[in-house]
Amino acid sequence: MSTLTTGDLSDVLRNRRSLRVFDPAHDLDDADLARLFRAAQWAPSAGNSQPWSFLVGRRGDQTHGRFVAHLSAGNRSWVPTASAVLVTAHQVASGPEEDAPAYSDYAMYDLGQAVAMLTVEAGLLGLTAHQFAGFDHDAVALEFGFPAHWRVTTAVAIGAYGDPATADPSLAERDQRPRLRKPLSEFVFAGTWGAAAGL
Ligand SMILES: Cc1cc2nc3c(=O)[nH]c(=O)nc-3n(C[C@H](O)[C@H](O)[C@H](O)COP(=O)(O)O)c2cc1C
């Protein structure tokens, strides 16, 4: 992997990165939060199954407090300072109701797309979104009563970028590290799988 340029990407994609310094005084209002979830709502999904759900906690509320207790050690230092945390889940089986929608083999894929759209919309709102999986999924599922046919998948910390000068120096340093990517030749093929398309 190497430090490639982001080239001609649009600003919102070029500027996106998973940052750890959040402004601990910033609050996310209902309008912005609803807009983020509308971005997820309008994502494509297999058969329009929309097999995603979210649990939202805002810094200082009860949901947030109960969620952050289940963070991994590595994420405990930065997630709680974000304005909000969204737990994501995808449907893994039909529910018990008679008219339960069929679950889709593509549910995790669809959830990923919905979260990607939410992440881009966050960038357009001037917010930063950092997706993460480092928390106790089973404990969170139990704590918040996720039904057995929904799997807790990831979470997203969202807020305004903070001031690196007053932040924990180790977090500020991580936000400055060069970003590494595989070149297109390693994952875009033509003719035969593995043969670089030459883009
Ligand atoms: C499914 C998933 C799980 C992740 N888990 C964590 C995590 O637990 N802690 C963390 O700091 N970042 C986590 N990340 C962020 C990735 O480390 C980050 O996206 C990757 O290093 C690329 O960096 P970038 O998003 O800044 O381009 C996760 C991202 C995804 C999509």
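Any read-out appearing in this document is the output of simple, stated calculations on the displayed coordinates, not a laboratory observation. Just so it is clear, the model here is predicted, and its values are computed rather than measured. Cβ atoms come from the backbone with ideal geometry, glycine included; neighbour counts cover every protein chain shown.
Going through V140, V120 one at a time, which residue ends up being closer than 14 Å to V68 by Cα, in contact with a helix residue (DSSP H, G or I) (Cβ under 7 Å, 6 or more places away or on another chain), part of a helix (DSSP H, G or I) and in contact (Cβ under 8 Å) with a residue 12 or more places away in the chain?
Going through V140, V120 in turn, just one is closer than 14 Å to V68 by Cα, in contact with a helix residue (DSSP H, G or I) (Cβ under 7 Å, 6 or more places away or on another chain), part of a helix (DSSP H, G or I) and in contact (Cβ under 8 Å) with a residue 12 or more places away in the chain: V140.
In region 1-43, what count of residues is obtained for those that are within 16 Å of the ligand (Cβ to nearest atom) and either within 16 Å of V115 (Cβ to Cβ) or in contact (Cβ under 8 Å) with a residue 24 or more places away in the chain (or both)?
Residues meeting the conditions: 16.
Surrounded by fewer than 17 Cβ atoms within 10 Å (Cβ to Cβ), under 15 Å from the mean Cα position of the chain (by Cα) and within 16 Å of the ligand (Cβ to nearest atom): is that true of A157 in this structure?
Judged against the criteria, A157 is not a match.
Is there a residue being surrounded by fewer than 17 Cβ atoms within 10 Å (Cβ to Cβ), in contact with a strand residue (DSSP E or B) (Cβ under 9 Å, 6 or more places away or on another chain), of a type in the set (S, T, Y) and within 28 Å of L180 (Cα to Cα) anywhere in region 80-89?
Within region 80-89, not a single residue is surrounded by fewer than 17 Cβ atoms within 10 Å (Cβ to Cβ), in contact with a strand residue (DSSP E or B) (Cβ under 9 Å, 6 or more places away or on another chain), of a type in the set (S, T, Y) and within 28 Å of L180 (Cα to Cα).
Would you mind stating whether A148 is closer than 23 Å to G112 by Cβ and part of a helix (DSSP H, G or I)?
no
Taking region 102-123 as the region of interest, how many residues are touching a strand residue (DSSP E or B) at 6+ places or on another chain (Cβ under 8 Å) and over 14 Å from L36 (Cβ atoms)?
Residues that pass the stated criteria total 6.
Checking the conditions here, which among D99, D110 is loosely packed, with under 14 Cβ neighbours inside 10 Å and acidic (D, E)?
D99
Of everything in region 44-68, what is farther than 21 Å from H149 by Cα and within 16 Å of the ligand (Cβ to nearest atom)? Give them in sequence order.
Correct list: V68 only.
Report yes if G74 is exposed (fewer than 14 other Cβ atoms within 10 Å of the Cβ), away from the ligand (no atom under 13 Å from the Cβ) and assigned to a loop (DSSP other than H, G, I, E, B), otherwise no.
Here the answer is no, as G74 does not meet what is asked.
Take the residues in region 177-191 that are under 21 Å from S18 (Cβ atoms) and surrounded by fewer than 10 Cβ atoms within 10 Å (Cβ to Cβ); name whichever of them is farthest from the ligand (Cβ to nearest atom).
Restricting to residues being under 21 Å from S18 (Cβ atoms) and surrounded by fewer than 10 Cβ atoms within 10 Å (Cβ to Cβ), the top hit is P178.
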